[in-house]
Amino acid sequence: MLEVRHLTKRFGAVLAVNDLSFDVREGRVTGFLGPNGSGKSTTMRIMLQLDRPQAGTATFSGRSYRELKHPLREVGALLDAGYVHPTRTASKHLRYLALSNSIPTRRVDEVLELVGLGEVADKRVGGFSLGMRQRLGLAGALLGDPGVLLFDEPVNGLDPEGILWVRTFMQRLAAEGRTVLVSSHLLSEMALTANDLVVIGRGQLIRQGSVDEFLNQTASGGWVEVRSPQAEVLAALVEGSGGRVTRGQGSFSASGVTAADVGELAAANGIVLHELSPKQVSLEEAFIEATRDAQQYTSAPLADGAS
Amino acid sequence: MIGLIRAEWLKLRSVRSNVILMISIAVLAVGLGALLAAVVPLDDPGPNGLPLSLDPLIRVQLVTAGFGLGLALLGVLGVQVIGQEYRFNTIRATFAATPRRGRVLAAKAVLLVVATLLIAAILVSLSVAIGGAILAGRGVGLDMSAPGTWRLLIGTWLLAPGYALAGFGVGMILRQPIGSIVAVLAWPMVIEQIVVGFLTDSVGRWMPYHAGGQVVEEHAREHMFGPWAGFAYFLGFALVLCLIGAVLVQRRDA
């Protein structure tokens, strides 16, 4: 169990993380989601005490990272595939990490095989592709066989086969009872991988819960688009039957009612319908809606609100 | 702690530029002394007005002449063990593996001291053996019983960890290797030279590298610290740099 409490981190005038609290549970993949620049990486660096927060704590079963005697055996992290020296070989990169945490060096060969880098173990990391570096970073995270795993954008630079492999891998780690936190700015990716979500924007918590809850809470799940020459009359009828209505020009959108409800109301009152379409909130839309106020870098809307 | 020191040793020797640097130091330190021992005229008057054949300490300085630059390059090695980590961001992997940063820095410092003492012991011995043999071949070998000979040799040996620690301290303070390397080379070779040259009788003696260098001077210089007082002052200076650096590394984001 990983607990984050009241984290605050300022870089000069920029408030990167603002009183952030959330939990990451065991045996589940938790997606850590937010737009670019929302403070995900900073939060993960603070968890490992690489960055010093102005306030707050991150604890692993009640202990801070500093208090772990051999942290790599309890917490494995892939923060950035670039944390390697280009003229060092993959095997020696892992070997020094193993030495520093009293991990038997045969684990180095094991994890290199596990991530598919067995054949390039004695090659310099400088010649690795981004995907290979990601795999090496993953090997480093798994080195100490830890119960908690932190991955910052792990599928960056991976090909589709690699993405699928990482996704399956994380789910397997969680199924083994480990705590897995994976950051991403892509909700669609998290929808396929994660069980739980922690959504942040501008360093603040927006939502925490299961992926399903997130969809249901945001924009109440779905709505119905209605177009009719008698839109005004029909909208009033829908409201009368308990639906919520947002009016437009000769149209409205209704929530809290199904398309069938609206269709029957129209038929019963002899109202002509030009359009009646049920809409489901996609994960991306739910995400954008939830983080709209918290977008660090918003793009100007396209001509006809491309939401 | 043993594991951490072994990890640091592996890091040091698994980076190509460090290996090249250590080989360069060896070639320079031993080679320059040997070269000078072979070519310098023995009967012309030396810096003390005596011909080299009659000045045993100048002959020791001759065969250890390569350590002038050799020691400076050990300072660069001191910069590298921390500067490279910041340059390539491996400092984050290192501190994630060992969040108690003081332990990492201590392991690096111990490694530097042990490694430079070992390297310098070998290189000083080689210089004496090779340079001495060349001089002996020309008819005037080293006189190991001449007063001051052992002070010069032991002084050269002990300056090695001092230079490395000073470089390590500068590397921790500045974090990026290029600037740190320029600093540890330009400070003793340019800035101190100017200061000591123009302000000999006032602040000159307080220039740390010059103070440390007194231990390998053939006789005490006016206005300067004595050989071992100067060495102690230099070592203190290196340790203060390390201390400042360690405090900064602990406080800053990795």
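Mind ranking B:Y233, B:Y163, A:Y96 by accessible surface for me, highest first, 1.4 Å probe?
From most exposed to least exposed: B:Y233, B:Y163, A:Y96.
As a check on your grasp of the helix formula, calculate [θ] at 222 nm for chain B: sum -39500 (n - 2.57) over DSSP H runs of n ≥ 4, divide by the residue count, round to the nearest 500.
Helix-only estimate at 222 nm: -24000 deg cm²/dmol.
Determine ³J(HN,Hα), in whole Hz, for all residues of the stretch B:197-202 in sequence, where each value follows from phi through the Karplus function 6.51 cos²θ - 1.76 cosθ + 1.60 and θ = phi - 60°; x replaces Gly and Pro.
Values, residue by residue: x, 9, 10, 3, 8, 10 Hz.
Could you run the numbers on buried accessible area between B and A, total for both chains, 1.4 angstrom probe, in Å² to the nearest 100?
Between B and A, the summed buried area is about 2600 Å².
Pop a pseudo-label 7 angstrom from the Cα along the beta-carbon direction at both A:V14 and B:A186 and give the gap in nm to one decimal.
Going from the A:V14 label point to the B:A186 one covers 3.0 nm.
Which whole-number value in Å² is the accessible area per residue of chain B, probe 1.4 Å?
Each residue of chain B exposes 42 Å² on average to a 1.4 Å probe.
As a test of the formula, what do you get for chain A when each DSSP H run with n ≥ 4 contributes -39,500 (n - 2.57) and the sum is divided by the residue count, at 222 nm and rounded to the nearest 500 deg cm²/dmol?
Estimated from H runs of four or more residues: -9500 deg cm²/dmol.
So which residues in the stretch B:1-34 end up with at least 10 square angstrom less accessible surface once the other protein chains are there, compared with the chain by itself, probe 1.4 angstrom?
Listed in order, they are B:G3, B:L4, B:R6, B:A7, B:L10, B:K11, B:S14, B:V15, B:R16.
List the lysines whose Cα sits under 21 Å from the Cα of A:K40, skipping any in the same chain fewer than 8 residues away.
Partners found: A:K9.
Dipole of the protein assembly as shown, Cα-centred, from +1 at each Lys and Arg C-beta and -1 at each Asp and Glu C-beta, to the nearest 20 debye?
Roughly 1460 debye for the protein assembly as shown.
How charged is the neighbourhood of A:M132? Take every other residue with its Cβ under 12 Å from the Cβ of A:M132, and add Lys/Arg as +1 and Asp/Glu as -1.
+2
Report, in whole Å, the centroid distance computed from the Cα atoms of the stretch B:2-65 and the stretch B:75-95.
Taking the Cα centre of each part, the stretch B:2-65 and the stretch B:75-95 sit 26 Å apart.
Roughly how big is the stretch B:52-128's charge dipole about its Cα centre, with Cβ charges of +1 (Lys, Arg) and -1 (Asp, Glu), in debye to the nearest 20?
480 debye
Between B:S17 and B:V240, how high is the FRET efficiency from 1/(1 + (r/R0)^6) when r is the Cβ-Cβ distance and R₀ = 22 Å? Nearest 0.05.
E between B:S17 and B:V240, to the nearest 0.05, is 0.20.
If I fit a long axis through the Cα atoms of helix B:177-186 and take the longest principal axis of the Cα atoms of chain B, what angle between them do I get, 0 to 90°, rounded to 10?
Helix B:177-186 and the main axis of chain B meet at about 20 degrees.
Could you work out how far the C-alpha centroid of the stretch A:105-119 sits from that of the stretch A:1-56, in angstrom?
31 Å
Given a Förster distance of 56 Å, report the FRET efficiency between A:L114 and B:L35 from their Cβ-Cβ distance, rounded to the nearest 0.05.
According to the calculation, E is roughly 0.55.
To the nearest µm²/s, what D does Stokes-Einstein give for the protein assembly as shown at 4 °C and 1.567 mPa s, using the Kirkwood radius over alpha carbon pairs as Rh?
46 µm²/s
Hey, can you grab everything whose amide H is under 5 Å from the amide H of A:K279? Only 5+ residues off in sequence or another chain; H modelled, so Pro and N-termini drop out.
It is A:W223, A:V224, A:E225, by chain and number.
Tell me, which longest segment in chain A has none of the trypsin sites (Lys or Arg not before Pro) that fall in DSSP loops with at most 16 further Cβ atoms within 10 Å?
A:124-307
Relative contact order of the stretch B:59-213, please, whole-number percent, based on alpha carbon pairs below 8 angstrom and at least 6 residues apart.
Relative contact order here is 38 percent.
When the label point is put 7 Å from the Cα of B:Q250 along its Cα-to-beta-carbon vector, which residues of the stretch A:66-88 have a backbone N closer than 16 Å?
A:66-67
Per residue, how much accessible area does chain A have with a 1.4 Å probe, in Å²?
45 Å²
Would you be so kind as to identify which of A:V224, A:G248, A:G270 lies farthest towards the positive end of the dipole of the stretch A:222-280, taking Lys and Arg as +1 and Asp and Glu as -1 on Cβ and the Cα centre as origin?
Result: A:G248, furthest along the dipole toward the positive end.
So how do A:M47, B:M1, B:M207 rank on accessible area, 1.4 Å probe, biggest first, that is with the largest at the start?
Listed by decreasing accessible area, they come as B:M1, B:M207, A:M47.
Residues of the stretch A:67-108 losing 40 Å² or more of accessible surface, assembly versus chain alone, probe 1.4 Å, please list them.
Buried-area filter returns A:Y83, A:H85, A:T87, A:R88, A:K92, A:Y96, A:L99, A:S100.
Carbon-plus-sulfur fraction of the accessible area of the protein assembly as shown, 1.4 Å probe, in percent?
Accessible surface attributable to carbon and sulfur in the protein assembly as shown totals 59 percent.
Can you send over the solvent-accessible area of B:L235, 1.4 Å probe, protein chains only, in Å² to the nearest 10?
B:L235 exposes around 60 Å² with every protein chain in place.
Report, ordered by chain and residue number, the lysines lying within cross-link reach of A:K92, taken as a straight Cα distance under 19 Å and ignoring same-chain residues fewer than 8 apart.
A:K123, B:K11, B:K108
How do A:E275, B:E222, A:E110, B:E192 rank by accessible surface area computed with a 1.4 Å probe, from largest to smallest?
Accessible-area ranking of A:E275, B:E222, A:E110, B:E192, largest first: B:E222, A:E110, A:E275, B:E192.
Amide H to amide H, which residues 5 or more places from A:V180 or on other chains are under 5 Å from it, using H placed in the peptide plane?
A:G27, A:R28, A:T30, A:L149
The values are calculated or read from the model by the stated rules, or taken from the named source; none is laboratory data. Please read all numbers here as calculations on a predicted model, not as lab measurements. Counting neighbours? That spans all protein chains shown, and the Cβs are built from the backbone with ideal geometry, glycine included. Accessible surface areas use protein heavy atoms only, side chains included; no ligands, DNA or RNA. Shrake-Rupley method; radii C 1.70, N 1.55, O 1.52, S 1.80 Å.
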